[in-house]
1. Taking 25 Å as R0, compute the FRET efficiency from the Cβ-Cβ separation of residue B:229 and residue A:3 and round it to 0.05.
2. So if I average 1/r over every pair of distinct C-alpha atoms in region A:1-68 and take the inverse, what Kirkwood radius in Å does that give?
3. Once R0 is set to 41 Å, what does the formula 1/(1 + (r/R0)^6) return for the Cβ-Cβ distance between residue B:18 and residue B:213, expressed as a FRET efficiency to the nearest 0.05?
4. Points 7 angstrom from Cα along the Cβ direction at residue A:36 and residue B:58: gap in nanometres?
5. Determine the shielding of peptide A:23-35 by partner chains: average, over its residues, the number of Cβ atoms on other chains within 10 angstrom of each Cβ.
6. Between residue A:19 and residue A:93, 0.36 nm times their residue separation minus their Cα-Cα distance comes to what?
7. In Å³ and rounded to a whole number, note down the convex hull volume per residue for the Cα atoms of region B:3-57.
8. Tell me, in nm to one decimal, what length is gained between residue B:222 and residue B:40 on full extension, where the rule is 0.36 nm per residue of separation less the Cα-Cα distance?
């Protein structure tokens with residue numbers, strides 16, 4: 001379990017978009033995992049199991065906070081995202097820019113993106129974590145990337 | 001561009017297309033400069049986000065945070081090289097003398113013997129390596145400290161919970177408490193200390209009664225856990 005923590009931490013921070021809240025989610029995830037260790041199926045991946053717990057806790061928290069509809073119209077995003085904003089994004093740390101782009105992606109799509117692109121899970125594994133069909137993962141990844149494209153624009157490193 | 005195209009592009013980037021589909025998609029990319037540009041853009045965005053988040057998984061998780069999560073890994077107590085006392089004396093945990101006070105605690109820790117569903121404590125003892133702490137569903141922290149073999153062939157484990165140390169042996173129905181003693185020393189997540197001045201009489205009797213072997217090595221214990229406590 002300890003070996004899975006660094007990636008769990010990254011997943012949590014990516015989900016919530018903040019260091020402190022991410023660590024808080026990681027802690028809650030570990031506590032729940034320890035209290036439900038008997039539910040872990042031997043032979044399956046510990047990291048996937050913890051990603052699922054983190055994801056479910058995150059959903060609970062978002063619901064509890066009464067936040068709905070994570071989709072933010074592009075024109076309502078902070079100024080950093082406009083034509084001039086690109087320079088601003090690039091001038092900030094990569095992590096801040098990445099977090100900003102991720103937070104513009106709806107929760108469901110963000111989780112799929114983090115699992116597959118950042119954590120390297122297969123579509124099948126991501127589908128198991130998020131408890132959805134593989135086809136849903138595929139469409140979430142496409143929509144997440146479309147959204148990121150809108151937000152980042154011609155972001156750093158893109159071939160013009 | 002339609003969703004179907006987007007999904008194929010995403011799946012292509014993720015290596016999730018079949019070889020035939022991937023080959024067909026590669027041909028489309030060659031024919032369609034707009035698609036190729038979009039593919040390059042998505043790929044670059046992926047690489048940027050992945051690279052930007054990479055350091056998050058490289059930062060070490062500090063001990064304080066591990067301890068907060070109940071995952072502190074206490075250093076194993078050093079063994080005395082020339083010490084003729086039984087092992088449970090040699091590195092017994094600091095135990096209080098108030099053994100008699102703990103009948104209620106013994107009942108609290110006792111493993112229910114009925115029903116097919118194993119209880120949380122038995123599961124914890126079945127699956128948790130020594131010196132790793134596990135939190136039960138009811139919030140109690142359980143930390144197995146060592147594993148021995150009783151003369152009658154049962155596997156037995158000493159563990160700490162609720163500030164008490166106990167010895168339990170495994171039967172087909174779960175783990176049965178063989179002996180128990182109050183531990184005045186550290187909580188399960190604290191460092192295990194040598195037994196200077198402590199009173200381990202409660203568990204001594206239990207260890208003598210089961211005629212315990214020396215503690216198993218880490219690898220041997222790991223093997224037992226992975227085999228569900230079957231010998232082979």
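1. Calculated transfer efficiency: 0.60.
2. For region A:1-68, inverting the mean 1/r across all distinct Cα pairs yields 12.1 Å.
3. Given R0 = 41 Å and the Cβ-Cβ separation, E is 0.15.
4. 3.3
5. Mean number of neighbouring Cβ atoms from other chains: 4.
6. 25.2 nm
7. Spelled out: Cα convex hull of region B:3-57, divided by residues, is 83 Å³.
8. 60.8 nm
A short reminder: the numbers here are calculations on the coordinates, not readings from a lab. Remember, predicted model here, so these are calculated numbers, not experimental data. All Cβ positions, even for glycine, are placed from backbone atoms using ideal geometry, and neighbour counts span all protein chains on display.
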